[in-house]
1. Would you check if there is a residue in segment A:4-21 being modelled with pLDDT under 90, within 13 Å of chain B (Cβ to nearest Cβ) and open to solvent by less than 30 Å² (accessible area, probe 1.4 Å)?
2. If B:L98 passes every condition in (1) within 14 Å of B:T46 (Cα to Cα); (2) within 14 Å of the chain's Cα centre (by Cα); (3) open to solvent by less than 30 Å² (accessible area, probe 1.4 Å) but one, which one does it miss?
3. For A:R76, state whether it is open to solvent by 20 Å² or more (accessible area, probe 1.4 Å) and modelled with pLDDT of 95 or more.
4. Looking at (1) of a type outside the set (G, A, S); (2) out of contact with any helix residue (DSSP H, G or I) (no Cβ under 9 Å at 6 or more places or on another chain); (3) open to solvent by less than 40 Å² (accessible area, probe 1.4 Å), which is the only condition B:I313 fails?
5. Considering only segment B:246-291, state which residues are within 14 Å of chain A (Cβ to nearest Cβ), over 27 Å from B:W360 (Cβ atoms) and either free of Cβ contacts under 8 Å to residues at least 24 places away in the same chain or assigned to a helix (DSSP H, G or I) (or both).
6. Filter segment A:24-49 down to residues that are within 14 Å of another protein chain (Cβ to nearest Cβ) and in contact (Cβ under 8 Å) with a residue 40 or more places away in the chain and give me whichever is surrounded by the most Cβ atoms within 10 Å (Cβ to Cβ).
7. Within segment B:160-186, take every residue that is of a type in the set (A, V, I, L, M) and without any contact (Cβ under 8 Å) to a residue 24 or more places away in the chain and give me the one that is nearest to A:P101 (Cα to Cα).
Amino acid sequence: MCVSMLYPVARYISPPEVPEASTQSVVAGREGDLKPNQGKIFRFGEQPGILVRTEDGGYRALSATCTHLNCTVQFRGDLKQIWCACHNGFYDLSGKNVSGPPPRPLEEYKVNVADGEIVVSRA
Amino acid sequence: MNWPKPGRIRDWIEERLELSALEEMGRHKRVPVHRHSIWYYMGGMTLFLFGLQVATGILLLLYYRPSAGEAFESVQFIMTQVPFGWLIRSIHSWSANLLVFVLFVHMFSVFFMKAYRRPREITWFSGVALLALTMAFGFSGYLLPWNTLAFFATQVGTEVAGAVPVVGHFMLKLLRGGEHVTGGTLTRFYGFHVAVLPATATLLLGLHLLLVQKHGMSVPPAIESEAKREGREARTMPFLPNFLLRDLIGWCVAIGILAALAAILPWELGTKADPFAPAPAGIRPEWYFCWMFQTLKLLPGHVLGIEGELIGIFGIGLAGLVWLLVPFLDPGTPGTGGRSRLFSAFGVLAILYMAIMTVWVYVAPGG
């Protein structure tokens, strides 16, 4: 009887799975939005992504969710690295975790520029 | 109309509630007097601050709106438009911090006076559980203004819960109300903060106070031995009114300090949470979580092939378990020094570790 009363409660407090449309590609901005050695956060479905314009004018796009404890990272122009302010973790521009507590690299996305739009898609 | 005489009202109440039994109990309650008696006031102070939290919390509920679209604005409204809203919110926030501080002082004083020893083990367990609940109050309440710092603190805190082996993912979803921190998380935290935690805390507090009443206040072993050696009874004072009046002085001082803090340093609101903004530089949790925050920050990505964060979470969990089991782990015979004194040294180490880590966060935010 106890189980029959507790089961619905346990199921109720555990939120239902809501299927998320898997985002494959988004427009992260327009050419000219970013100067060289600058970065910005964009929305990749329900998650943040980071777009960086490198010094040579190329673009890099990565997941902006730190692999340590899920904070949102940012680009540090002075260090030319991606930085997580929460626990001082660093990644290089290919997303590789280079120092601090992050245990894994950031997911790297593919970047295409077409008709002035910067299109980011899963690699 | 004939009004009943005051004496008859008292008799009427007495016949139904038998309050004289409580009065009698209060008359017999005595508090030990010795050179460490000052620490006995910490329990009462904690209780007073808890009461203040309840009172100011109820007042805040009159205007607060628990949704991602309105929470920040409603707190802004309380702070800027509602008469004395700034005062009520600042006192709620400052007294929450003071409550945690006093609770830590109370707990460590109980530890060093070895008040956890037989037959007070359950009093210790309920006290440790109340500390955990208070930290949960702090964590859940921190998110309610829905500002940037709170958003990332919740992101990190719930991720830590999610990293626990086996039950982690279930706990993460239970806390967040989904996979990510959203408005649904805010609504859940509101429910925890104003219903689940107060109900649980009230029950535990009731048990804790009942046990304190049943066993009386513990006298440190060294003081007990001294009195025995000198062949005298340990000195005491009546709880009513002597001790309670001294308690009241402390509570008045606390109110004064809180009013001054609220007036001079009103609690900040920060900027509204934006789930698509990077974590700001210098981000840190409330001071009482800083030692854990710094521990997780210092651990490298991997230690011996295991993820650093897992080792950190396991270590913090183990420390909590050891602390809970203190009454069973103290190897010394009370009052005899030696091994028991060595055990107390672990308490000093714990305080030093927490203090150094906390200061580190404030002195070198990037380090």
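The values are calculated or read from the model by the stated rules, or taken from the named source; none is laboratory data. Here the structure is a predicted model, which means the values were calculated and not measured. Backbone-built Cβ (ideal geometry, glycine too); neighbour counts: all protein chains shown. Ligands, DNA and RNA are stripped out before the accessible areas are found, and what is left, the full protein with its side chains, is counted by its heavy atoms. Shrake-Rupley method; radii C 1.70, N 1.55, O 1.52, S 1.80 Å.
1. Yes, there is a match, as at least one residue in segment A:4-21 is modelled with pLDDT under 90, within 13 Å of chain B (Cβ to nearest Cβ) and open to solvent by less than 30 Å² (accessible area, probe 1.4 Å).
2. All conditions are met except number (3).
3. Yes, satisfied.
4. (2)
5. B:F276
6. A:F44
7. This residue is B:A161.
Conditions tested, residue by residue: (1) within 29 Å of B:W267 (Cβ to Cβ); (2) modelled with pLDDT under 95.
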residue	(1), (2)
B:K297	yes, yes
B:E307	no, yes
B:I311	no, yes
B:F314	no, yes
B:D330	no, yes
B:T333	no, yes
B:L342	no, yes
B:A345	no, yes
B:M357	yes, no
